[in-house]
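Each reported figure results from applying straightforward, stated rules to the coordinates on display, with no laboratory input. Bear in mind the structure is a predicted one, so any value in this text is a computation, not a measurement. For neighbour counting, all protein chains shown are included, and Cβ atoms are generated from backbone atoms with ideal geometry for every residue, glycine included.
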Amino acid sequence: MLQPYVGVIVKVLLIAIFSNCCLAKPSRSRFTNYTHYRLPESLKPEHYTLKIVTSLDPLHLTFAGEVIIRFQVLIGTGNITLHARNLTIDENSIELIKYDDNESTRYAIDAVRVMGEHDYFIIHSCLALLRGETYALKLVFRAPLNQLLYGYYRSSYVDQVTNETKWMSVTQFEPTYARTAFPCFDEPNFRAKFKIWLGHQKSLVALSNTPLAKQEKMYSESNETDDYVWSIFEETVPIPTYLVAYSVNNFTYKLSGNYGVKFYTWCRPDIINECEFTAQIAPELYKFFESLLAMSLPFTKMNQLFVPNFRARAMENWGLITYRESLLLCSLNSSSEMSRQRIATLVAHELAHQWFGNAVTLKWWSDIWMNEGFATYMSILGVHHLNSNWNFLQIESMNNILDVLEYDVQVNSHALTQGIKSTIQITSSFDLLAYKKGAMLVRMLHMVVGDDVFLNGIREYLSKFLYTADNYGSLWNSFSIRAHTYQRLETRNNIKIVLHSWTSQTGYPLLKVIRNYSNDSASVTQQRFFLNSSRGKNATKRCWWIPITLASASRLEFYKLRPSYWLECKKNKQNINITLSGMAATGDWIIFNVQMMGLYRVMYDADNWALLNGTLNSDKYTQIHVLNRAQLIDDSLALAWAGYMNYRLTLDILNYLQYEKDYLPWRTALRGFIKLDNILKGYEKQYKLFTNFLKYLILPTYNRLHGLNSTQNEKEISYIDLMHKTQISYWACYLQIDDCVNASKQYFANWKNSNINQIPTNLRLTVYSTAIRYGEQSDWEFLWQYLQESNNVVSEQRTIIQALTCSRNEITLRNFLDLIFNNTKYRQDSVAAFEGIARNKIGFPIAKNYLIEHFDQLRDYGTISRDVINLILSLARQVTSMENNIGILEFLAKKRNIFRHSWKTILSAVEITQLNIGWIRRYRAVVHNNLRRRNLKRGKNPTRPK
Ligand SMILES: [Zn+2]
């Protein structure tokens with residue numbers, strides 16, 4: 001379908017009155033040596049007319065296009081520098097036209113040059129382009145629809161009725177892939193209007209950012225295109241290139257939304273009913289954001305498209321949101337409440353982006369945390385609005401905080417604001433910290449300034465900067481001014497300075513609170529928290545502006561979220577220590593950072609820890625707010641791990657879990673136990689003591705929640721208890737508690753025998769994993785077969801793949817890696833599969849050797865180096881001895897050149913291995929002795945302390 005295309009495109013209505021030919025011969029020396037990683041600022045694109053003809057003929061999966069970019073010259077120049085990559089551009093058909101008042105002038109092109117390093121396509125004009133004038137550049141290009149899941153790519157599925165493979169095309173442009181689909185000024189600050197024409201077979205559907213304006217027949221000299229039409233879309237408002245989107249497919253849709261904006265949720269016809277939930281919730285979430293932010297966007301139609309193969313989880317394109325299909329499918333009858341909540345989170349995040357990122361866009365990628373942080377935080381508010389029974393405000397905030405506290409601790413972590421100088425750096429800046437640290441800083445800010453200041457500041461900011469690019473600077477000013485007016489912040493304090501201390505520095509602080517019991521005061525100091533406390537001694541000077549909130553045994557002020565004090569910084573990052581008076585009576589505990597509103601850990605003197613420990617291990621433990629119970633668990637585990645506190649105290653604190661009924665403290669503890677489980681599992685004696693301790697803690701809760709008992713179905717227990725049951729039963733089975741293992745095996749056997757899967761959806765990961773871990777090879781084969789044969793399990797694909805990695809058969813695991821990496825259907829789950837095998841004690845050496853032996857193939861397969869780096873990180877986390885490490889360091893050193901742009905991440909992988917090995921050296925015996933002492937003591941005195 002490609003060949004006839006050039007003649008097919010409708011002739012552009014640009015009339016060249018005359019051309020100016022170069023007098024001199026084309027010469028390479030005409031190019032100035034421009035090597036900067038950002039585009040020159042001499043040109044400002046204003047409008048793109050983009051025409052793309054897509055062929056979904058299985059033998060010609062290609063596209064061909066023409067773009068006319070109208071731009072203004074801000075600084076006179078002889079060159080037009082824009083982005084293009086992997087495109088075949090027809091250099092003979094480049095046209096450059098200058099618009100005058102009454103006529104248009106065609107400019108001759110001297111030469112073009114491609115600069116691979118920054119994806120530059122540079123066109124040299126014979127005549128200089130004059131400041132203040134407007135020009136139009138036309139380029140004709142073509143490329144295959146790639147399989148790489150970025151740019152303009154192809155995706156497919158198997159029709160369940162006809163068993164035929166059906167092809168579709170779709171875009172994924174963020175952050176730097178628009179340039180692989182059409183030549184463009186591919187930086188976020190270059191916003192322009194787009195008029196998009198999609199040429200396609202008339203039997204198919206074409207979608208883009210805006211509603212369809214009209215459809216017309218595509219005329220051609222050749223008959224071959226007779227069944228092709230142009231779908232012509234309404235012009236967009238000014239948007240950056242990374243938000244442009246289009247797709248050609250044979251999908252069908254669910255229509256929802258009963259007010260201004262109509263939502264079209266597009267899915268392949270086979271699964272249209274599973275798209276209902278997304279269709280239902282999106283308008284409600286959209287309306288919530290619209291009223292919360294007091295701003296209507298110019299949408300009359302919002303498309304949501306489920307894509308069978310999609311690398312990211314979702315993408316917030318202007319008016320055409322794309323999702324990874326497997327993450328959103330939801331059967332109204334059988335899907336779990338947890339999957340509904342996950343779907344809502346994803347949909348809310350992408351909708352929030354329509355304001356944060358789309359309506360106002362960042363000037364450059366170095367502050368991507370602001371886009372992602374705001375979208376993530378707003379999604380929490382949105383999901384909470386949708387269903388407050390999910391307790392999302394607490395649970396999701398805690399999840400994010402724990403993730404940040406866990407990941408932002410390595411020497412090679414990075415500041416949120418980063419210098420970004422290459423496309424690879426842009427891609428890797430979309431990491432956990434951008435999303436979660438960003439979101440939790442926004443949460444902290446929200447709590448510091450209060451609802452009204454926060455929302456009014458945002459509203460004013462969005463309307464002031466609508467359709468422009470900005471780096472949020474004036475938002476911080478607006479917060480400060482309002483916060484001063486309402487006396488939420490002392491006038492000498494400034495939000496921009498506060499925030500800068502959190503975004504420009506790597507890591508986060510540890511607050512040290514040392515009480516003076518003789519005069520009820522406490523000295524408060526800060527330092528950076530390191531995973532190995534001895535590193536802190538040589539650390540360079542750091543200082544954070546820390547909001548301080550607190551509660552005590554006699555003043556249970558856990559809901560007072562505005563800071564009572566600030567720990568401030570001098571200009572040169574010098575700390576200012578403070579002494580607070582009137583803290584609490586001698587016998588009362590105090591807790592800093594109520595509800596974990598700030599992103600920091602707290603370390604107390606031994607006496608205060610003892611007071612806290614006494615209350616936790618008593619009937620009064622619920623006096624401490626549930627988020628702060630989680631905080632005490634996480635802090636004490638981390639402080640002991642890093643050497644700031646002894647394990648004896650940590651284990652004393654964890655002991656109270658046998659009474660804890662709430663989900664969140666348990667969730668926090670289980671996260672911490674994963675780390676200990678990981679590091680101890682290679683050391684038999686310690687591992688046995690550790691797992692015995694865990695069984696002792698977990699059994700009361702397991703029994704209280706009736707184990708895997710299915711008579712309590714999802715509708716009979718609260719959502720939170722259901723989540724709790726899910727996490728506790730997973731661990732109970734993992735720890736080989738007989739009741740759990742037997743019940744899982746029984747569930748699985750019933751399914752195998754009857755071919756009817758009656759396993760409750762929330763327990764499937766537990767049951768599948770347990771059946772695979774402790775079952776027969778035939779169980780593995782059954783589950784694998786089920787995954788392959790059924791087209792109905794897309795939403796379960798990740799769960800099944802995770803379970804299959806639990807096998808204890810080396811050959812099976814080795815073959816499984818081949819099966820996963822050689823089938824595009826599983827591409828999006830391949831990193832998770834690899835990680836699961838690496839985590840499996842038997843699987844670790846298999847995963848390690850596989851990566852080393854198949855590196856080149858995996859690199860091609862992943863294409864984005866981030867995938868391969870994720871594989872390396874998954875391995876690094878499992879290294880707990882020098883023996884494990886053999887081969888890895890040599891391999892990384894050998895590949896240094898390949899990883900040169902992401903060497904920092906490789907260094908952090910190496911650091912993880914060193915930290916793990918160092919921990920074993922320092923704490924294996926300590927943990928052993930403390931667990932042994934505890935087990936002995938428990939034998940003698942099993943009663944609850946008062
Ligand atoms: Zn996002």
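With respect to the chain, whose longest principal axis is taken over its alpha-carbon atoms, helix 738-754 is tilted by about 40°. Considering helices alone, the calculated mean residue ellipticity of the chain at 222 nm is -12500 deg cm²/dmol, with DSSP H runs of length four and up weighted by -39500 (n - 2.57) and normalised per residue. Here the 3J(HN,Hα) profile of segment 371-382, calculated from phi with Karplus coefficients 6.51, -1.76 and 1.60 at θ = phi - 60°, is 4, 6, x, 5, 4, 5, 5, 5, 5, 5, 5, x Hz, Gly and Pro shown as x. Counting charges near residue 696 (Lys, Arg +1; Asp, Glu -1) among other residues having Cβ under 12 Å from its Cβ returns a value of +4.
Count neighbours as other Cβ atoms within 10 Å of each site's Cβ, and list the chymotrypsin sites (Phe, Trp or Tyr not before Pro) in segment 492-538 that are DSSP loop with at most 13 such neighbours. Write down the numbers at each step before the final one.
On the way: sites: 502, 517, 529, 530; in loops: 517, 529, 530.
Here no loop site has a sparse enough neighbourhood.
Just to confirm my numbers, what's the Cα centroid distance between segment 370-423 and segment 287-304 in Å? Using only Cα atoms, the two centres lie 23 Å from each other.
Using the structure shown, list the pairs from 675/752; 421/841; 202/301; 688/895; 437/573; 287/421 with a Cα-Cα distance above 32 Å, or answer none. Don't skip to the end; give the middle numbers.
Numbers: 675/752 34 Å; 421/841 40 Å; 202/301 22 Å; 688/895 39 Å; 437/573 21 Å; 287/421 38 Å.
From 675/752; 421/841; 202/301; 688/895; 437/573; 287/421, over 32 Å: 675/752; 421/841; 688/895; 287/421.
Between the beta carbons of residue 212 and residue 659, assuming R0 = 35 Å, the FRET efficiency works out to 0.05 to the nearest 0.05.
When DSSP beta bridges are limited to those with both residues in segment 39-250, what percentage is antiparallel, rounded to the nearest 5? Display every interim value, and only then the final one.
Numbers: 74 of 82 bridges.
Close to 90 percent.
Using alpha carbons only, how many angstrom separate the centre of segment 614-634 from the centre of segment 83-127? Using only Cα atoms to place each centre, the spacing works out to 67 Å.
Charge dipole of segment 627-772 (Cα centre as origin; +1 on each Lys and Arg Cβ, -1 on each Asp and Glu Cβ, all else neutral): 280 debye, rounded to the nearest 20. Rounded to the nearest 20 debye, the dipole size of the chain about its Cα centre is 3380 debye, using +1 on the Cβ of Lys and Arg and -1 on the Cβ of Asp and Glu.
Residues with beta-carbon under 12 Å from that of residue 49, excluding residue 49: net charge, scoring Lys, Arg +1 and Asp, Glu -1?
Numbers: positive: 51, 70, 138, 193, 195; negative: 46, 66, 235.
Neighbour charge sum, excluding residue 49 itself: +2.
Think of segment 545-698 as a dipole: +1 on every Lys or Arg Cβ, -1 on every Asp or Glu Cβ, centred on the Cα centre; then among 673, 608, 632, 673 lies furthest on the positive end. The charge dipole of segment 446-576, taken about its Cα centre with unit charges on the Cβ of Lys, Arg, Asp and Glu (plus for the first two, minus for the last two), comes to roughly 600 debye.
Net charge around residue 848, counting only other residues with Cβ within less than 14 Å of its Cβ (Lys, Arg = +1; Asp, Glu = -1)? Write down the numbers at each step before the final one.
Values: positive: 814, 839, 841, 877; negative: 810, 835, 853, 883, 890.
Cβ neighbours under 14 Å give a net charge of -1.
Computed from Cα atoms, the angle from the helix 764-774 axis to the main principal axis of the chain rounds to 70 degrees. Relative to the longest principal axis of the Cα atoms of the chain, the long axis of helix 903-940 lies at roughly 20 degrees.
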